[in-house]
Structures are given as C-alpha cells and as structure tokens.
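Since every read-out is calculated from the coordinates, none of them should be taken as a lab result. Everything numeric in this text was worked out from a predicted model, so none of it was measured. All Cβ positions, even for glycine, are placed from backbone atoms using ideal geometry, and neighbour counts span all protein chains on display.
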Amino acid sequence: MYISYNWLKDFVRLPAKIKPETVAAELTGHTVEVEGLNRQADQFSKVVVGRVLEVRPHPNADRLRLTVVDVKTKRLEIVCGAPNVAVGQLVPVALVGAKLPNGLEIKESLIRGEKSSGMICAEDELGLGKEHAGILVLRDNAKVGLPFAKYLSADDIVLEIDNKSLSNRPDLLNHYGLARELAAIFNLPLKPYEKFYQRKWDAPGHQTHQLSVKVEDSERCPRYLAVRVDNIKVQESPAWLKARLISIGQRPINNIVDLTNYVMFDCGQPMHAFDAAAVKKIEVRRAAANESVETLDEQERILDNGDLVITDGRKILAIAGVMGARHSGVTSETTALVLESANFLAPAVRRTAQKLGLRTEASVRFEKSLDPLLAESAMFRFLTLLQDLCPEMKLAGVPVDVNNSQSRPVAIELDLDWLAGKIGQVIPRAEILGGLKRLGFTIKNESAESEPLSVVVPSWRATKDVSRREDLAEEVLRLYGYDQIVSHLPVLPMNEPEANEARQLERRIKQILAWKHSLNEAYNYSFVGEEQLKKLNIDFFQHLRLVNPLAETQGLLRQSLVPGLVGNIKTNQARNEDFGFFEIGTVFFRASGNLPKDVANGDFLPYQEKRLGLALAGGGDLFDRLKGLLASLLKNLVDHEVAVEFAVPEHCPGWAHEYAAAKVMAAGRELGLIAALRPSAYVDLNLKKSVVLAEINLPALAELVFGTTTHHFQELPKYPPVSRDLAFVVEPEILYNDVRREILQFDPLIRSVELFDVYTGDQLSGGQKSLAFHILYQSPDQTLTAEAVDTIQQSLVEHLVQKFGGRLRDF
Amino acid sequence: MKEKLNQLRAEFLEQLAKAKDGEYLRELELKYLSRKGELSQLIHGLKDLGLELRREAGALANQIKTELQAEFSRVSQAISGPAGISGPVDVTLPGESFPQGHLNPITLVQNEMEDIFISLGFKILDGPELESDYYNFSALNVSPDHPARDMQDTFYVDLPNREGKYDLLMRTQTSPVQIRAMRKYGAPLKALIPGRCFRNEATDARHEHTFYQVEGLLIDRAINFANLKNLLEIVGRRLFGPETKLRMRPKFFPFVEPGNNGEYTCFLCQGRGCRVCKYTGWLEIVGAGLVHPDVLLAGGVDPEKYSGLAFGFGLNRLAMLKYNINDVRLFNSGDLRFLEQF
C-alpha cells in the first residue's frame, strides 16, 4: 500500500525538522514496516513536457513513426510506436538518462536503423495507470520544457507500506489511521476526523426518492448506510483529487468513482456508488445456490448460499464487500447515484473473495474487521467532498442507517505492576497514560493512582485487535520503544537438563557417515509421485495423499526414503564415478500412531517413523560394501562389540532385487533392509550406475544403541590362542549365518570365527560355494595343545558334514 | 652349516641394532647382504653339501636371507625416512587424497543453533511433520478464518475425519511442538525445536514448499520482554559475531502478544549497508514474542502463574545468509556440486 506524505499532513502537522526518512524509520520501529520511500520528483527526473512538431513514417517499419519533438532546450528526433501520436500534441518526453517508474532506462538508440533520442511515454510507463495503447496526451496549457513532476504538481513523497505486517490492524489501511500513529509516535496533535465532514444532512423538502433498505442477514451485515443523491454530473476529477490518487498508484477514472476510492484511502471505509437508475430499493441477502452476476470487471461470477449480495429486490447489484455488478455501475450518463457505506462481517467477505479469487481493495479491508462506526463518518465525508465536486447535488431523502452492530466500548483492566513484570522494566505512569491516550484509548480512572487502570479501547481497535491486557502491553511497549528496554536474562532455578538421545544419535550418525564413510547428506522432499513409484515397482495404493498437491509428481506422502535417494543418484550419475548418499527423514503411514491428534476425542495422528536411508552407486561389489559400511557404522555407535547379521527377508519391497536383499539384524533386533535395486528399475529410470540401498528404522537403532547393557572389560587372556583354518564346501542354499552359528556353538573353547574367503567358480561344481574360516581356540585356564585342538576341529568337521552335507575343501 | 647360518644371523642382527646412520648401514649391507657378502658366500657353499643336507640348510638360508633383508630395510627406513627418498624432493606436492563426505548446510546451521541453546540448558525437542489442524492452528490461537488455513497456503492430507473434514496437514511451522511439549512436560520448560515445515507455494529461487525452522520456548515464572530481548541478543552474537546488534519492531503473530520481528546488524557489512542486507545494514531474521495466554492455556499451563517467551528462526534463511547461497531450492536438490561445498 502506498501512503502520500502530503495526504498525511492533512491530519497531522509534521514539523519540517522531522525528515520523511525519520517518519519511515519511526513508523517501522513502532507500528508497521515501511518498505520504501519515493520522492515523486525523483520518479520523474528527466521527464519533461514536449510538443510534437513533425510525424513521418519510419522507412523500415510500418508501425513506427519518426517524430521531432520540441523540449524547449532542443529538438529531439524520437522513434515512436504509438498509433495516436500527432503533430501539435503536448506529450511527456523521457530524455536520455531518465529512469522510469517501470524500471526502463532511456538511452540513445537506433530503432530499426533510425536514431531515437528519448521516448514519448504512455501512462503505464510513468506509473500513472495501466494504459499502454497510446502515448499520454497532456493538457493544452502545459508549458513546453516543464519538468513533468511540476506539470503533475507531483511534489509528494510516497511511503510504501508492507501490507503483510498490517494483518491484525483494520485501522491502518488508510491515511488517517497512519496519521494517528504518527501523532502518537511524535507526540503531535491529531486533527479530529469529525473536522473533515458535515454531519447534518436532512435534505429538507427534497424527499423525492426516499430509499428503502432491508437487511435480511444482519449477522453478515451489521450495518448498512445508503443515500440517494440526485443532480450528479459525472466528469473528470479535479486536479487535486487526481494528484492524490496518482500519488498512491491509483488511476483516476471519474469524479464519483475517484471519490469513493479517495474516501477509502482517506479513512479506510470501502464505499460503493450505484447508478440510481438501476437501484429502486436495497435488499441485503444471501445469494441462492448457483445464482450468477456479472461483476464490474466483466466476469461472470457464480455464487452460493454462503455469499452475501446487495440486490434491488430482483437483480444483484453487488457482491457485498467485494465488487459491484456491471449493470449497476456509475457511467458517464449517470445523473443520480445511490451511495453505499456498509459494514460486512470479515470471515464472510474473506470466504467469498477467496472462493471467487477476487481480492479487491474493499475486500482486503473488510476482511480485517472494520469498525461499524466508520461507515457513518465515511458517508458524511463522501457527501461533504461531493458537495465541492458537484455543487448542484441534492440528497433525494435522508440517509438510511440499518444498524445492528453491537459496538459497546470495551474496558480492560491494566495493573501497572503486572505490566512492569511483563515488560521487565518499569515504564513511568505518565508515559503509559500519554501513549495510550494518543492512540485513542481513554482512561476511566486516571486520577486514582493506586488502582489498576481501566482502559477503554477505541472503536477502531475494538473489532478484534485489542481485547486483553497483553494487547495493551504491546501498545505501551511499542510506543515506548523496544530500544528503551534494558535486556536481562531471567534468574531461574537450576535443573537437570534432559538430553535428547535420539537427536544426539542422529547427529553422530550424520557425522560418521559423512566424515568416515564419505557419504553426502541429502534432504529429499516428503512428497513422491505415482509415476516415480511405478518405475520403482513400489505399490502406492496405501500411500497417504495430499488434498492439494503442487504437482502430480508430489501428490503422495513417502513411505520410504528409497525413491528420493535413487533420485539423488540419478541427479549426479553423469558427473561422478563412485559416490553415495544418506538421508535421515520421516516416512508416513495410513495407520494410527501414538501421538494424539487433539485433546478432545482420543484420536491419533497417522504413524510417522524416522528412518536412515543409504545409497551407494558406482562399481565394485556395492552390496558387500554397504553391508560392511553398516557394520562399521554400528561399531562406531555402540560402545561394545555388536555383530551385525544379514538374514534372508520374509518379504521384500518392490524396489529390491529378488536375490540381493537382506534384513539387517543386530543383537536379535531387526533394524532394516539392505538390497540392490531391482534390474527393471535401471531401464525405467534411465539409471546408468549400479545402486545398492539400505533403509534403517531409527527408533529401533536408538533402542539398540541406548538400550544395551553396560559393557564390561574382559581380562586379558593368560594362555595363547591356537588358530586353525577351515574351508568348507556347501550347496548354494546353505547360508553363512547358519554355518557360522554352528561352528561358534560347537565347543566352548572356540572363541571366535572369522570368514576370510568365499569361493564359487570353476573348481567347484553346481553353484557350490566354499566358505573359509579362521577359527580361534582358546582356554581361560590352560595352554591348549595342538593335539587337543586338532581333535575338536576333527569332530567339528564331522558335525558340519552331518549337519549341512558339505565337505572339506582340498586345495 | 646350519650353525654357521644361525651365527651369521645373530651377528648381523646384533650389529644392525647399533646402526645410527646411513654410512654404517651401507657398510653393514656390503659386508653381509651384498652379492659378495658373507651370506651369499655361505649360500654359495651349500652346493658342496649332500642332497639331504643341502635341502635342509637351503630352506634355512632362504628363510634367514628374507628375514635379514626385511630387518635391514626396516631399520634403514627408520633411519633415512620413507623409502625411495635419496635426494631433494618437491615437498609442495599434495598428499594422498582421501574421499570426503558432506553434510547438508541446514544440518550445520541447525547444529550450531542446538549447541547454543543446549549450553543455556534448553532441551531439544521433535514433533510430527504430519500434524493436526488442532495443534498446528487452533491451539496456537490461529482463528478458523485465518488465511494460513487456506488450501492455497497449507498442504492438507487426504484422510478426512469422522465429519468428513480435512483436519490433517503438513505442519506449516514448528510451533505445534510448543503445545505438545507443554502438555508433556508442563512448566517450567526450556525447549528448542528444530524441524521440517511445509507451505503450499510454488518453488522458485526464493520460495520453497519444504523448509526448516528452529523455534525456542522458555516458560517459567515472570518471564518478560527484557528476557526475550537478551536471549535474542545472545543468538545474534553467537551466530554472527560479538559486535552484532539487535533491533526489534512490532509484528503480529497469533500465538504471541506482544509480537515482534527481530533484525540483526548485517554480519557482512557490520551495518554499513551492502547487497545482502539490501543496503539497510539490517537483516530481518527472527520472529518472536511473549507466549499468548491462550496458547499457554492450550498447553495446560496456567497463564496466571507462568509466562513464556518464544522465537523462531528460518534455518534456510540463516544458511543462505551465512554461506551466501542464492537459491533456496539447492538445499533439497541433492546436487553434489552444491553439497560438496560444505
């Protein structure tokens, strides 16, 4: 929103020693963010009034003309594309070096081979409106060579206010509201708004068309004021009015429309003027389902029963608080108008504007809950100004005011001790009272120094913004100034902080994987798409869906980190040889979890699980490598020896390779799954690298890490171990895990078993494999003899042969 | 013969143990291990032995030769440095290259924030990314008609409740964890809550539908605005350097009252004005305020007894400022050319 400095000065006299920059900074510090400060004169620097002396066709382009323009100091040759350029016109000319409000910089140039030293400007190029069909033609009395800012009487300074920071302030989307803030901040007198309008409008003897107004839905329309005004002449607005609107980026249209806009930007009340010819009476009601109306922007709008409309009993005249209907609008033929100044319920207007995708200056204001009292003063302000614009005007009846609003003054008790506690500092009572009063609050018991203050909220702040003492604390604090508060830390009792072990574990995992195993940390979206999952052969039937996804490819909530990690491999496969990623992230399921959904009815949120995903890409035996990496990770996380085991999975996700997939186990717990990617995925996803992935359930891993018993030191062995090797040939379906376990359990003297080679190939038949182990024998209380060990080893071999049907491998 | 070999072995090792410099070593090598050295001569003499003896002594000789050579090169390396260095080398050559993995910059900034607040006695808390309307909005004093609740601002999950309404969503902020934490731990409470959040908005260089926040909550008796200001000053100094200044101004958030924006002096230009701070000298970084009494009530905390402060930082923004990253989409891109820089 743009705010005119000159306009503000209507209401508060800002002394010259207060610079506009100071005003902007103080508004930002105490009220609302000022995003920019523009001097109109700067905006139009190097733009002057010129007279078109010659217009000739361009030799190389049908749509361009060559012109000669007199700008007093010289005659310029300018190429012009506008169809309406003609000899004798007075036009705005941007000289070389000018920087226009739309960002365009004017340079000496060749246009289709012809020199052009400047530009004749259209309305939009000067930021004066949206018109671009032709150049702007100025008044006949304009002086050639005059700076354009002077021609416009544009000596204003424009503040750009950040609308977003006004979301809770219905009173600030206008000049008077901001003037009130300035008066409060700088401790200057604010002129009462009543001074700017005439209150008495009896229209004696002229009650020719007393308007009737009926409000059916008084909840959605707490107040409706309307009056019919005759003897109206619709014409161009006077210069002062146009200048004001132009300064805040509004395009002047005609005196009536401009005046409704003016009053809105003046005090914040949206107004609407209907052509009285279309309005015999006014009825405010809910729209019927599928009722339609063509709005002023020439769009057909389909309404429903939640929308409030203004009608003449039959036809819709306006969508309440949003936009008028086309047929009832003011035109150049209008001679009488019906003026509306109403208050509509904020949520209803917001819903309608939202649904129709039609956010207007009016709806934006109504959405913030306007003060019902404002409707009345705005109407008087409009009529007062209209009297100047159309001195012949006559009210065709008294203004009608259907007022169902319940604006009772709200009084809030403010205990100054409580306030000092809240702020952390005592603010002098006089400062508190002065600040609140300047903002329009009244104090009922000002003289009773020992009592809590009884603070009455002004009507323009009472609609939703200020309702409790915390709100008053903010008013006091912001006006006093945040910089004035001396910061200090609270004095708190010491207590034992609780460590978040899961978070610490995450951090350790990340550091081990990145710094020891050279993996890179990915953050992938929580959303996946059907196509992507299809290519990975992942069943997405049970995936949760978004109601309103941004794209098809992001419509489902992920149930695995795998799709994202495969995407990471694909992103980088062209630029890298061997590489890997990991991600710690949440996956989402349809079934209920254990977190409550709300406090009322005992429902639970869908189950969500944190996982660790890993992916390796490139050459070599990646399956083997990732297994080793997982084992190493676990050794680094757990403070004692935990053997990672890989077991045959009962069922496999669709993305996994039929033969190369295993459960990851440790200390009897299932932690997750490791698998190579299924072969078909490479073709479907255009993957050029081998990919092996693992997905670990983080809570299960945390339980393993934090749940295991304390680790005890083992006394150093007193007697030496004896090592024996054993290579055992078995059928392919015999698993390492089982052979290993059998060896370990065979004799108490067997202390450890380590696999050192696996062989399959020419020397063995039918897919058989040879597992070669180092077996370590050790006794806690004697030195073992070779003979004793050999005896055990001999019976171990016999046992294995009997159990697995294999044989010793002879080299 | 075997005896001679063993004797030579012992003699050699004894002398080797006394080695102190290269010259001594060269002499030792010449005497025992060279082609005409004592060991070679002994081995040469083996041919005169009978077959059986020759085999036995030959095996021993080879074993001793291997052992002595290994011992010699071990000692000579220890004395003269790495093998192969016999003259001046280019010491500026790089060492062996080790592969290096990388953490996401969001993780780095998050760790930094966590460490600041752990040192102040805060606990780090998590919460669900898929939240309910109740915790994400209602309990935080966000009115039913607040714009944030629009479909165009929030991702809703297609799992309607018993009334057929969508009341599950991807959390738009970490603040719902405030309520969950208050309900779980009660007051007093000191918590820092980092996490992933979602907004339904199209992505471009400055906008992401998936982003990261870190939020702080401190509830105790008599927590006040001056305390909030001080905590935020600490964060500024720890993140951006000891000279960092804080500036606060009013800003509306439904779950705090009073509500503020906090700006820090630009760490790049120290407040003089530069491209990063858009020539203002200040960086708008934090939203904060005193916890709204209704929010305390929703968390089961008595607002008459306790008061609280809360603040929230955008981790993406912190990381973008800290590392001068110009495109917010890079964080979730998985592009190694990006990640390798951290």
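Miscellaneous remarks
- Proximity of backbone amide H atoms, modeled 1.01 Å from N, is registered between residue A:605 and A:593, A:595, A:597 at under 5 Å, excluding neighbours fewer than 5 places apart on the same chain.
- Fewest-first sequence of B:256, A:71 by Cβ atoms within 10 Å of each Cβ: A:71, B:256
- One decimal place: the segment residue A:550-residue A:772 gains 74.3 nm when fully extended, by the rule 0.36 nm per residue minus the C-alpha distance.
- Part-to-part distance (alpha-carbon centres) for region A:350-416 and region A:700-739, which is given in Å: 82 Å
- In range of the label at residue A:278: residues from region A:296-326 whose backbone nitrogen is under 16 Å from the point 7 Å along Cα→Cβ: A:296-302, A:309-326
- Those lysines that a straight Cα-Cα span of less than 25 Å connects to residue A:422, excepting residues fewer than 8 apart in one chain: A:437, A:444, A:464, B:123, B:190, B:229, B:245, B:251, B:305
- Farthest positive-ward along region B:153-235 dipole, Cα basis, beta-carbon charges - from B:232, B:198, B:169: B:232
- Qualifying GluC sites (Glu not before Pro) in region A:297-384, where qualification requires a DSSP coil assignment and no more than 16 other C-beta atoms within 10 Å, comprise A:298, A:333.
- Linear extension gain, residue A:790 paired with residue A:99, 0.36 nm per residue minus alpha-carbon span: 239.1 nm
- Between residue B:305 and residue A:504, the distance separating the two model label sites (each 7 Å from Cα on the Cα→Cβ line) works out to 3.0 nm.
- Relative to the dominant Cα principal axis of chain A, helix A:175-186 is inclined by about 80°.
- Fraction of antiparallel bridges per DSSP, chain A only, in percent to nearest 5: 95 percent
- Calculated mean residue ellipticity at 222 nm for chain A: -8000 deg cm²/dmol, from DSSP H runs with n ≥ 4 weighted as -39500 (n - 2.57), summed, divided by the residue count and rounded to 500.
- Isolated Cys residues of the protein assembly as shown, judged by Cβ distance under 4.7 Å to other cysteines: A:80, A:121, A:221, A:267, A:390, A:652, B:197
- Leading residue at positive end of dipole, chain A (Cβ point charges), from A:789, A:601, A:8: A:8
- Backbone HN-Hα couplings from phi across region B:69-79 [Karplus 6.51/-1.76/1.60, Hz, Gly and Pro as x]: 5, 4, 4, 4, 6, 4, 5, 5, 5, 4, 7
- For region A:531-632, fraction of C-alpha pairs farther apart than 17 Å, in %: 65 percent
- Cα gyration tensor category, rounded, prolate or oblate, for region A:208-354 with a/c compared to 1.5: prolate
- Crossing angle, helix B:105-119 versus chain B [Cα axis fit, 0-90 degrees, rounded to tens]: 80 degrees
- Check: the protein assembly as shown dipole with +1 on Lys, Arg Cβ and -1 on Asp, Glu Cβ, in debye: 2960 debye
- Distance cut-off 18 Å, percentage of C-alpha pairs in region A:673-811 lying past it: 69 percent
- Karplus-derived 3J(HN,Hα) values for region A:50-64, using 6.51 cos²θ - 1.76 cosθ + 1.60 with θ = phi - 60°, are x, 10, 6, 9, 9, 9, 10, x, 7, x, 10, 8, 5, 8, 9 Hz; glycine and proline are entered as x.
- Using a Gaussian network model of chain B in which every pair of alpha carbons under 10 angstrom is joined by a spring, one finds that among B:40, B:97, B:119 the greatest mean-square fluctuation is at B:40.
- Where labels lie 7 Å past Cα in the beta-carbon direction, separation of residue A:22 and residue B:278 in nm: 2.5 nm
- For chain A, the longest principal axis of the Cα atoms and the long axis of helix A:622-637 meet at an angle of about 80 degrees.
- Straight Cα distances below 17 angstrom link residue B:47 to the aspartates and glutamates B:3, B:38, B:56, with same-chain residues fewer than 8 positions distant left out.
- Taking θ as phi - 60° and the Karplus parameters 6.51, -1.76 and 1.60, the scalar couplings of region A:504-513 work out to 5, 4, 4, 5, 5, 4, 4, 5, 5, 5 Hz in sequence order, x denoting glycine and proline.
- As a proxy for reagent exposure, B:206, B:171 were ordered by neighbouring Cβ count within 10 angstrom, fewest first; the result is B:206, B:171.
- When +1 charges are put on Lys and Arg Cβ atoms and -1 charges on Asp and Glu Cβ atoms, the dipole computed for region B:211-342 relative to its Cα centre reaches about 580 debye.
- log₁₀ of I(q)/I(0) at q = 0.04, 0.05, 0.08, 0.10 Å⁻¹ - the protein assembly as shown, Debye sum with one point per alpha carbon: -0.36, -0.53, -1.06, -1.42
- Residues B:134, B:212 arranged by fewest to most Cβ contacts within 10 Å: B:134, B:212
- For residue A:760 and residue B:222, the FRET efficiency from 1/(1 + (r/R0)^6), where r spans their Cβ atoms and R0 equals 56 Å, is about 0.15.
- Sum of -39500 (n - 2.57) over DSSP H runs of 4+, divided by residues of chain B (222 nm, nearest 500): -11000 deg cm²/dmol
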